[in-house]
Amino acid sequence: MTPTPFHKMHGLGNDFVIFDARTAPLSLRAAQVKRIADRQEGVGCDQLIVLHPSDVADLRMQIFNNDGSEVEACGNASRCVVALLGEDITIDTSGGIISGKLSNNAASVNMGVPHFDWDAIPLDYPMDTAAMPLGWDELKNPAAVNVGNPHAIFFVEDINTIPLATLGPEIEYDPVFPDRVNVNVAHIEQGEIHLRVWERGAGLTRACGTGACATAVAGIRRHLVTSPVTVHLPGGALTIEWEGANTPITMSGPTTYIFKGEIDLEALA
């Protein structure tokens, strides 16, 4: 047995197992990811992160949801990686290159420019992504934003009355979203956003960084809030800045290092 080291971190309760494979190559199968992410019999996490060398950035970040599926972007994981390495870095993801900075006790990431075209979300057919003519029970007319991964955002009167555990998977797997979708329900109080997220491939989560970015952008586009805006999630608050048009999104918030451990990956084969 040759144990493989890993780090456990979280951003507002959105937790990650992080493997640093920049010097020793590492390839994980979906079944191994699911076993590591299992909270009863594994380490437990929302997402599993593998860091690789990159020719175009300081490192490449591979992101797996706890169901073993691979996804394009994760804002809270990006912030945790910045904090873990303890320096300003650029990160190559499947959703594009992003940059991160340390600031006091927080980590900020430049998440790039959001995309609104129907085929960039992507959707199955053309429609207005600012207020899509779609509905699922009480959730109607969502905005759609791609911030490295696809999001549908519903603005409601009270997020706590929405049965997101039921509607989330129904919307995630709706054929109108060929790559599936993250589902966000939000309401506005005193110029700030309160948000719950059903995360594609992970389910209900205490925090979702890309969800906070997408929801803030959608709220700014609808003139419901202004930048910078505080987004409150069950795990805590993030600050999102977006100046509109073709400008990038910046997300800032705290991260927490939990522990370092080792795992026998061969035993999970």
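The values are calculated or read from the model by the stated rules, or taken from the named source; none is laboratory data. Note that the coordinates shown come from a computational prediction; the quantities given were computed from them, not determined experimentally. Cβ placement follows ideal geometry from the backbone for every residue including glycine, while neighbour counts extend to all protein chains displayed. Remember, those area values only see protein heavy atoms, side chains included, never the ligands or the DNA or RNA. Shrake-Rupley method; radii C 1.70, N 1.55, O 1.52, S 1.80 Å.
Please state the shape class of the stretch 168-251: rounded when a/c is under 1.5, otherwise prolate if a/b exceeds b/c and oblate if not, all from the C-alpha gyration tensor.
Details: a/c = 1.99, a/b = 1.47, b/c = 1.36.
Verdict is prolate for the stretch 168-251.
What is the helix-to-structure angle for 75-85, meaning the angle in degrees between its Cα long axis and the longest Cα principal axis of the chain, kept from 0 to 90 and rounded to the nearest 10?
Its long axis makes an angle of about 30 degrees.
Each residue of the stretch 26-34 in order: what ³J(HN,Hα) in whole Hz does its phi give by Karplus 6.51 cos²θ - 1.76 cosθ + 1.60, θ = phi - 60°, with x for Gly and Pro?
9, 10, 10, 8, 4, 5, 5, 4, 4
For q = 0.08, 0.16 Å⁻¹, what log10 I(q)/I(0) does the stretch 20-177 give under the Debye formula with an equal point scatterer on each alpha carbon and no solvent?
Here the Debye-derived log intensity ratios amount to -0.29, -1.07.
Can you compute the charge dipole magnitude of the chain about its Cα centre, using +1 on each Lys and Arg Cβ and -1 on each Asp and Glu Cβ, nothing else charged? Give it in debye, rounded to the nearest 20. Numbers along the way, then the final one.
Numbers: 17 positive and 33 negative charges, 93 e Å.
Using Cβ point charges on Lys, Arg, Asp and Glu, the chain gives about 440 debye.
Once you compute Rg and the Kirkwood Rh from C-alpha atoms, what is the Rg to Rh ratio for the stretch 14-83? Numbers along the way, then the final one.
Details: Rg = 11.6 Å, Rh = 12.2 Å.
My calculation puts Rg/Rh at 0.95.
In a shell of Cβ-Cβ distance under 11 Å around Asp15, excluding Asp15 itself, what net charge do Lys and Arg (+1) and Asp and Glu (-1) give? List each step's numbers first, then the result.
Details: positive: Lys8, Arg39, Arg206; negative: Asp46.
Summing Lys and Arg as +1 and Asp and Glu as -1 gives +2.
Please state the relative contact order of the chain as a whole percent: Cα pairs under 8 Å, 6+ residues apart?
Working: 663 pairs, mean separation 56.8, N = 269.
In percent, rounded to a whole number, it is 21.
Could I get the Rg over Rh figure for the stretch 126-269? Both from C-alpha atoms, Rh via Kirkwood, rounded to two places. Numbers along the way, then the final one.
Details: Rg = 16.1 Å, Rh = 15.9 Å.
Using only Cα positions, Rg/Rh for the stretch 126-269 is 1.01.
Carbon-plus-sulfur fraction of the accessible area of the stretch 17-73, 1.4 Å probe, in percent? Could the numbers behind the result be given before it?
Numbers: 1130 of 2690 Å².
Ligands and nucleic acids excluded, carbon and sulfur give 42 percent.
Return one number: the angle in degrees, 0 to 90 and rounded to the nearest 10, between the long axis of the Cα atoms of helix 209-221 and the longest principal axis of the Cα atoms of the chain.
20
I need the peptides 3-15, 210-222, 128-140 ranked by packing, meaning the mean over residues of other C-beta atoms within 10 angstrom, with the highest value on top. Mind dumping the intermediate values first?
Values: 3-15: 20.8, 210-222: 27.1, 128-140: 14.8.
Per-residue mean Cβ counts within 10 Å order the peptides as 210-222, 3-15, 128-140.
What are the ³J(HN,Hα) couplings of the stretch 88-104, residue after residue, when phi is run through the Karplus curve with 6.51, -1.76, 1.60 and θ = phi - 60°? Round to Hz, x for glycine and proline.
Taking θ as phi minus 60°, the curve returns 6, 9, 10, 10, 8, 10, 5, x, x, 8, 10, 10, x, 9, 8, 8, 6 Hz for the stretch 88-104.
Over the alpha-carbon set of the chain, work out the extent along each principal axis and list the three values in angstrom, largest first.
Taking the Cα atoms of the chain, the three principal extents are 55, 36, 32 Å.
Which residues in the stretch 145-182 place their backbone N less than 12 Å from a point set 7 Å from the Cα of Ala131 along the Cα-to-Cβ direction?
Only 155 pass the distance filter.
Which of the lysines could a cross-linker bridge to Lys34, judged by Cα under 27 Å and excluding same-chain residues fewer than eight apart?
Filter leaves Lys8, Lys260.
First check a/c for the stretch 87-191, with a ≥ b ≥ c the square roots of the eigenvalues of its C-alpha gyration tensor; if it is under 1.5, answer rounded, and if not, answer prolate when a/b is larger than b/c or oblate otherwise.
oblate
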